[in-house]
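The values are calculated or read from the model by the stated rules, or taken from the named source; none is laboratory data. Note that the structure is a prediction, hence the values are computed from the model and not measured. Glycine also receives a Cβ, built like all others from the backbone with ideal geometry; neighbour counts cover every protein chain displayed. Quick note on the areas: whole protein, heavy atoms, side chains included, nothing else; ligands and nucleic acids left out. Shrake-Rupley method; radii C 1.70, N 1.55, O 1.52, S 1.80 Å.
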Amino acid sequence: MDLPTAPGLPVAPSPYPHLLRPLDLGFTQLRNRVLMGSMHTGLEEGRDLSRLAAFFRERAEGGAGLMVTGGFSPNLVGQLKPFAGTMATSAAARRHQVVTRAVHEAGGKIALQILHAGRYAYHPLAVAPSRLRAPISPFKPLPLSAAGVERQIRAFVNAACKAREGGYDGVEIMGSEGYFINEFLSAATNQRSDAWGGDYSQRMRLPVEIVERTRAAVGPDFILIFRLSMIDLVPGGSSWDETVQLGTAVARGGASLINTGIGWHEARVPTIATSVPRAAFTWVTQKMKAAFSAAGLATPLITSNRINTPEVAEQVLADGCADMVSMARPLLADAHFVRKAAAGRAADIAPCIACNQACLDHIFQNQLASCLVNPRACHETLPEMTPRPAAQPRRIAVVGAGPAGLTAAAVAAERGHQVDLFDAASQPGGQLQLARQVPGKEEFDGLLHWLARRLETSGARLQLNRRVTPDDLAGYDAVVVATGVRPRDPQIPGQDHPKVLSYIDVLHGHPVGQRVAVVGAGGIGFDVAEYLVAGGHSSTLDRAAWLAEWGVTDPTQARGGLAPQGPQPGAPARQVTLLQRKPGKPGAGLGKTTGWIHRAALKMKQVRMIGGVNYERIGDEGLLITHGPKREDPTWIACDHIVLCAGQLPQRELADALQARGMAVHIIGGAREAGELDAKRAIDEAWRLAVML
């Protein structure tokens, strides 16, 4: 069923009445309660913003009530990195008109985020209230003089005026996540003794003046969002009374909306990864909503973080936690999230699984963002990423119903090809069936269900329990091999011992003893270790347990919301030792923005991690290891079981047999190149191939 493309959403009875209800801001109305939150994509840099325009046009067509760009700095010193996007001149404003025009033509509204990096800036011109280097930047900032502070305020106001000149409907002033404004608020980062430092009433002058002066400059009919750090999650963060004091001040100072920020970037508490419970922090916004009500303020509040389905968003609003919900990556995964929800097609929404692999990890590696689930994200203008009806329908066989095969089959069938998808297993999913067993990866259930749903609606024919041969594939116009991977054999003497299990055995539920050695500390080794220490309990599904595990408490009880007693993880279900041959820190190759979470989680569960070992042999005593190239210090790891997680190899026997017969074959995913359950690469390859076939 095609989605409506008119600016307004369907007027039939809504399955999500709170989410899809308009929000009246007095001078303008938002068509629903969905904010597409700010998210840096890499499209913000450079002079040509046509790709950014296409990105936002599609999401405006998809029904978002209001969208916020990635951060644009108000001046040179506030840039996140050299040559980052800046809004400071009329020339910049003119360049942005291609973006705002595209959004308005699609019936949407868009605000520009003004982000001053402060001491988080990754360049030597960084400025901050005090000369204190951030733990996530190598550059020590220059301390601002009083005149310098005044220049930064004027830069914020100027950026807002230029945004209006560029056609934006509003701006969001980034006052959270540990950036410039946050640094003035905290006594830990603001050690000034002048009028911009000292007690909290002086430290908060900066954001209040920015908001008041911006409102005066842009007039009353311009959306002004203030991103307020509701809970800092860092030592020395704001108290709850201070946060309320600032929130009420900026509301009275002219903010149209107040958005929720959670945690500074240097916080050692995960806030947006897949292991974070859904809607984990909405209770903090709800507390502010109560404080606003007590103060007689009607300024709408936006809540955020890990709200990724219309059902979760609807419940958050129905519970009175906020007036609007912010969802950034869910609209990266599916530009038509809102329209599908309004049309009663929630099952067709491509799910954000909060993996960070193609969005945040790419950005932190200076790559263009995209999405594991939706490789077309941020590539909307590229023909090779846009499926179009096939000029000549063909008969296509896809072998292997993992993420690569499911994607290739569905996209090819949607284009009009006749597609048969074969798999020897009794259910689709491949390695996703294993990943979804790991505590903290429950979102993979949604990905698997959506892939299966997409295949079903595409018209492709799925044939399970079917191991095909080259003869079975002889009559097809094209054959796609997506047969995945098989475990690599580490060839440890004695590995045929009854103590030895593969990761596949473990994740399929094979009984495991209390003392376990895990051979291999890549992504699979970490997943297996987390599975073993969890003992069947996932704190991701238990918000109270998760908050305690990471040391998060009610901000009325402790500054910054950090519990004085620190993290309180539950006792590990097993004693686990995680080993790797490679010298150095285990897990160094994990995701840029999530690796630290996995390492911290295992450390809290008392997992012993050892690198630079040699696996000498396995026996009744357990696993014998030595250390370093000289094989020193032989040590027995006493254990009940040894789990082999020593990597994978491509499973391509079928592909080799087809090629030996001279048949043309396309090899994708793990069958082409084995990786650490690399669904991102597998889906991207499958998408690109299916668009081309």
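Pairs linking a residue in region 285-313 that is under 14 Å from Thr260 (Cα atoms) and polar (S, T, N, Q) to a residue that is open to solvent by 60 Å² or more (accessible area, probe 1.4 Å) and part of a loop (DSSP other than H, G, I, E, B), with Cβ atoms under 9 Å and 6 or more positions apart or on different chains, are Gln286/Asp319.
Conditions (1) outside any loop (DSSP other than H, G, I, E, B); (2) hydroxyl-bearing (Ser, Thr, Tyr); (3) in contact with a strand residue (DSSP E or B) (Cβ under 7 Å, 6 or more places away or on another chain); (4) under 14 Å from Leu447 (Cβ atoms), marked per residue:
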| residue | (1), (2), (3), (4) |
| --- | --- |
| Ala369 | no, no, no, no |
| Leu372 | no, no, no, yes |
| Pro393 | no, no, yes, no |
| Ala401 | no, no, yes, yes |
| Ala404 | yes, no, no, yes |
| Thr407 | yes, yes, no, yes |
| Gly430 | no, no, no, yes |
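Residues that are over 19 Å from Pro439 (Cβ atoms), hydrophobic (A, V, I, L, M, F, W, C) and crowded, with 17+ Cβ neighbours inside 10 Å are absent from region 581-602. Please state which of the following conditions Phe72 fails to meet, knowing it meets all the rest: (1) touching a Ser or Thr at 6+ places or on another chain (Cβ under 7 Å); (2) in a helix (DSSP H, G or I); (3) open to solvent by less than 10 Å² (accessible area, probe 1.4 Å). All conditions pass for Phe72, except number (2).
Assess whether Pro470 counts as being in contact (Cβ under 8 Å) with a residue 12 or more places away in the chain and within 22 Å of Asp678 (Cα to Cα). Don't jump to the end; show me each part of the working.
Working: in contact (Cβ under 8 Å) with a residue 12 or more places away in the chain: yes; within 22 Å of Asp678 (Cα to Cα): no.
So Pro470 does not fit the description; no.
The number of residues in region 351-378 being over 14 Å from Gly591 (Cβ atoms) and open to solvent by 30 Å² or more (accessible area, probe 1.4 Å) comes to 3. Here Leu464 fulfils each of the conditions (1) modelled with pLDDT of 95 or more; (2) of a type outside the set (Lys, Arg); (3) touching a Lys or Arg at 6+ places or on another chain (Cβ under 7 Å) apart from (3). Give the residues of region 528-583 that are touching a strand residue (DSSP E or B) at 6+ places or on another chain (Cβ under 9 Å) and aliphatic (A, V, I, L, M), sorted by residue number. Scanning region 528-583 gives Val528, Ala529, Leu532, Val533, Val552, Leu562, Ala563, Val576, Leu578, Leu579.
Identification of helices (runs of 4 or more DSSP H) wholly contained in region 163-242 with 1 or more residues that are touching a Lys or Arg at 6+ places or on another chain (Cβ under 6 Å) yields 180-185, 205-218.
The residue that is least open to solvent (accessible area, probe 1.4 Å), counting only those in region 603-616 that are in contact (Cβ under 8 Å) with a residue 40 or more places away in the chain and assigned to a strand (DSSP E or B), is Tyr615.
Please work out if Ile272 is crowded, with 24+ Cβ neighbours inside 10 Å and either at pLDDT below 95 or closer than 21 Å to Val68 by Cβ (or both). Judged against the criteria, Ile272 is not a match. What do you reckon, is Gly446 within 26 Å of the chain's Cα centre (by Cα), closer than 30 Å to Ala390 by Cα and buried (at least 17 other Cβ atoms within 10 Å of the Cβ)? Judged against the criteria, Gly446 is a match.
In the set Ala343, Ala410, only one residue is in contact with a Pro (Cβ under 8 Å, 6 or more places away or on another chain) and either modelled with pLDDT of 95 or more or open to solvent by 40 Å² or more (accessible area, probe 1.4 Å) (or both); that residue is Ala343. Within region 35-45, being of a type outside the set (D, E, K, R) and in contact with a helix residue (DSSP H, G or I) (Cβ under 9 Å, 6 or more places away or on another chain) holds for Met36, Gly37, Met39, His40, Thr41, Gly42, Leu43. Scanning region 417-430 for any residue that is in contact with a Leu (Cβ under 6 Å, 6 or more places away or on another chain), open to solvent by less than 40 Å² (accessible area, probe 1.4 Å), under 30 Å from Leu623 (Cα atoms) and among the hydrophobic types (A, V, I, L, M, F, W, C) turns up nothing.
To keep it simple, each residue is scored yes or no on (1) surrounded by fewer than 24 Cβ atoms within 10 Å (Cβ to Cβ); (2) under 33 Å from the mean Cα position of the chain (by Cα).
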position: Gln491; (1), (2): yes, no
position: His508; (1), (2): yes, yes
position: Ala517; (1), (2): no, yes
position: Asp527; (1), (2): no, yes
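The single condition among (1) surrounded by fewer than 17 Cβ atoms within 10 Å (Cβ to Cβ); (2) free of Cβ contacts under 8 Å to residues at least 60 places away in the same chain that Gly619 does not satisfy is (2).
Tally time: how many residues in region 236-252 are open to solvent by 10 Å² or more (accessible area, probe 1.4 Å) and at pLDDT 95 or above? Residues flagged as open to solvent by 10 Å² or more (accessible area, probe 1.4 Å) and at pLDDT 95 or above within region 236-252 amount to 11. No other residue among Arg543, Arg559 is in contact (Cβ under 8 Å) with a residue 60 or more places away in the chain, within 19 Å of Ile272 (Cβ to Cβ) and open to solvent by 50 Å² or more (accessible area, probe 1.4 Å) apart from Arg543.
On the basis of being assigned to a helix (DSSP H, G or I) and more than 26 Å from Gln463 (Cα to Cα), does Arg339 make the cut?
Values: assigned to a helix (DSSP H, G or I): yes; more than 26 Å from Gln463 (Cα to Cα): yes.
Considered against the rule, which asks whether it is assigned to a helix (DSSP H, G or I) and more than 26 Å from Gln463 (Cα to Cα), Arg339 comes out as yes.
Once region 164-177 is narrowed to residues that are in contact with a Gly (Cβ under 8 Å, 6 or more places away or on another chain) and small (Gly, Ala, Ser), the residue that is surrounded by the most Cβ atoms within 10 Å (Cβ to Cβ) is Gly175.
Only strands (runs of 3 or more DSSP E) whose full extent lies in region 622-688 are considered here, and the ones with at least 1 residues that are closer than 19 Å to Phe422 by Cβ and open to solvent by 20 Å² or more (accessible area, probe 1.4 Å) are 648-650.
Anything in region 449-466 that is part of a loop (DSSP other than H, G, I, E, B) and open to solvent by 40 Å² or more (accessible area, probe 1.4 Å)? List them, or say none.
Gly459, Leu464, Asn465, Arg466
Scanning region 275-289 for residues that are open to solvent by 10 Å² or more (accessible area, probe 1.4 Å), within 19 Å of Leu23 (Cα to Cα) and of a type outside the set (D, E, K, R) gives a single hit, Gln286. Considering only region 140-151, I want to know if a residue exists there that is modelled with pLDDT of 95 or more, open to solvent by 50 Å² or more (accessible area, probe 1.4 Å) and basic (Lys, Arg). Yes; the residues of region 140-151 include at least one that is modelled with pLDDT of 95 or more, open to solvent by 50 Å² or more (accessible area, probe 1.4 Å) and basic (Lys, Arg).
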